[in-house]
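Report on one structure; see the data block that follows.
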Amino acid sequence: MKCINCGKANLIRGVVPLAVTVAGVEFATELPGRRCPACGYSTVDGRAAARFELLVAVELVKRGLRGGASFKFMRKALGMKATEIAQAFNVAPETISRWENDQREVDWPEFMLLGFLVDDKLAGRTTTLSRLQALADPAPEGRVTIPFQAA
């Protein structure tokens, strides 16, 4: 595969350094990717980059960095639109905008909810999002049979 930047050389498989700065903290790693030996252009595996962003999002929660930049980064790492988060959190889209632009402090419960969504995505679950959706659109009353197995 020729380099799309210079066209001079074939890209070499290996690990590529990647760093992202959020809320004044630099998060760095090395991901699988390809690098051009002629010009230094590099590209990383998309799935690995997406997972790295989710891992950064987890670290933002662990460090309590609940500012607008962190909230926005986490939302984008989830691949969710601001309107989707607003609907899930039962807030106005303008509230999300104010949080992300530091016009209003991010409420800590919503920041934790966003952290739970990140944890779920890393684990391949949708538990938190499903529960938020159920709160927004409750199921009708009736009888529910719950299978039970003793522990």
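FYI, it's all coordinate maths here, none of it is from the lab. Note that the coordinates shown come from a computational prediction; the quantities given were computed from them, not determined experimentally. Cβ sites come from the backbone with ideal geometry, for glycine too, and all protein chains shown count toward neighbours.
Descriptive notes on the structure:
- Convex hull (Cα only) mean projected area of segment 56-151, reported in nm² to one decimal: 8.0 nm²
- Highest mobility in the GNM of the chain, judged by mean-square fluctuation with C-alpha springs under 10 Å and restricted to Leu122, Leu135, Leu55, is found for Leu135.
- Per-residue Karplus couplings for segment 89-106, computed as 6.51 cos²θ - 1.76 cosθ + 1.60 with θ equal to phi - 60°, are listed in order as 8, 6, 10, 6, x, 5, 5, 4, 4, 5, 5, 5, 9, 6, 8, 8, 5, 5 Hz, Gly and Pro entered as x.
- 222 nm mean residue ellipticity, helices alone, for the chain (DSSP H n ≥ 4; -39,500 (n - 2.57); rounded to 500): -14500 deg cm²/dmol
- Long-range amide H partners of Leu31 with built H, under 5 Å: Val16, Leu18
- As a proxy for reagent exposure, ranking Trp108, Trp99 by other Cβ atoms within 10 Å from fewest up yields Trp108, Trp99.
- Residues Ser42, Ser97, Ser70, sorted so that the one with the fewest Cβ neighbours within 10 Å comes first: Ser97, Ser42, Ser70
- Between Ala139, Ala92, Ala23, the Gaussian network model of the chain with springs among Cα atoms under 10 angstrom shows the greatest mean-square fluctuation at Ala139.
- Quotient of the Cα radius of gyration of segment 1-114 and 2.2 N^0.38 Å, N being its number of residues: 1.31.
- Loop-located trypsin sites (Lys or Arg not before Pro) across segment 39-70 with a Cβ neighbour count of 14 or fewer within 10 Å are Arg63, with loop assigned by DSSP.
- In the chain, the sites counted are GluC sites (Glu not before Pro) in DSSP loop states with at most 15 other Cβ atoms within 10 Å, and the longest stretch holding none of them, exclusive of the sites, is 1-104.
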